[in-house]
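None of the figures in this text is laboratory data; all of them are computed from the coordinates on show. As the structure is a computational prediction, the values presented were derived from the model and not from experiment. Cβ coordinates were reconstructed from backbone atoms using ideal geometry, including for glycine residues, and neighbour counts include every protein chain displayed.
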Amino acid sequence: MYTHYWHLQEAPFENLADPRFAYLSDQHREGLARLLYIARGQKQGGVLTGPYGVGKSMILEMVGNSLNPRESNPSRFVHFDAPPGGTTEFVRRTMHAMNDDSNVRDVTEALERLDVVAGQHVVLAVDEAQLIEDQGIYRFLHLITNLRRYSDTGMKPAFTLLLAGHRDAFKGLSNAPALRQRP
């Protein structure tokens, strides 16, 4: 109805955020700039927080779209819209995103496999991170920030971790001091 009446190229009012139509406030630009600095600089990680519905997911999408595979040090972008249930599910989903469908039994086995397959820098973005309830997931995220890879400029982290979620709901992160000190 709208497309025909207004002679639009695409349907308006879609339920998914489309970065092409984003209006970035000063806060959005700042958040995007900081996350791009972290991702492109292959730092260990960062956290993006804010109230529900302000555009955190869209900012993560914009980070992913901005990582150019033709850069001198390209990064692979892996985005989880929401963290899966427990540690085992999270680990297996991470392995699957790394194109490794081996059925790992535990975190130690997954870390050994990831150490082998993480030849390229990976930006792991976890949206709705406030939903992480299993402390084992935080331990796993801490441990993958320990993985290293060789680059032209020396040792670099194999993973950059980006967590995004509601600012008042990161109770689990407060119980993971080792991870909290990373980014």
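Which residues make up the longest stretch of the chain clear of trypsin sites (Lys or Arg not before Pro) that lie in a DSSP loop with no more than 11 other Cβ atoms within 10 Å, not counting the sites?
Answer - 106-183.
If amide hydrogens are placed 1.01 Å from N in the peptide plane, which non-local residues have theirs closer than 5 Å to the one on Gly46?
It is Leu161, Leu162, Leu163, by chain and number.
Put +1 on the Cβ of every Lys and Arg and -1 on every Asp and Glu Cβ in the chain; which of Met95, Met155, Gln27 then has its Cα farthest towards the positive end of the dipole?
So the residue we want is Met155.
Given the Cα-Cα distance of Ser102 and Leu16 and 0.36 nm per residue of separation, how much length would full extension add, in nm?
Value of the extension gain: 27.7 nm.
Using the Cα centre of the chain as origin and beta-carbon charges of +1 (Lys, Arg) and -1 (Asp, Glu), tell me which of Thr3, Ser174, Pro83 is placed farthest towards the positive end of the dipole.
Ranked along the dipole, the leading option is Ser174.
What full-extension length gain, to one decimal in nm, is calculated for Gln135 and Asp152 as 0.36 nm per residue of separation minus the Cα-Cα distance?
My answer for the length gained is 2.6 nm.
Could you tell me the distance between the Cα centroids of the range 121-145 and the range 34-63, to the nearest Å?
Value for the Cα centre distance between the two parts: 14 Å.
Suppose every Lys and Arg Cβ carries +1 and every Asp and Glu Cβ carries -1, with no other charges. What dipole size does the range 29-180 come out with about its Cα centre, to the nearest 20 debye?
For the range 29-180, the charge dipole is close to 500 debye.
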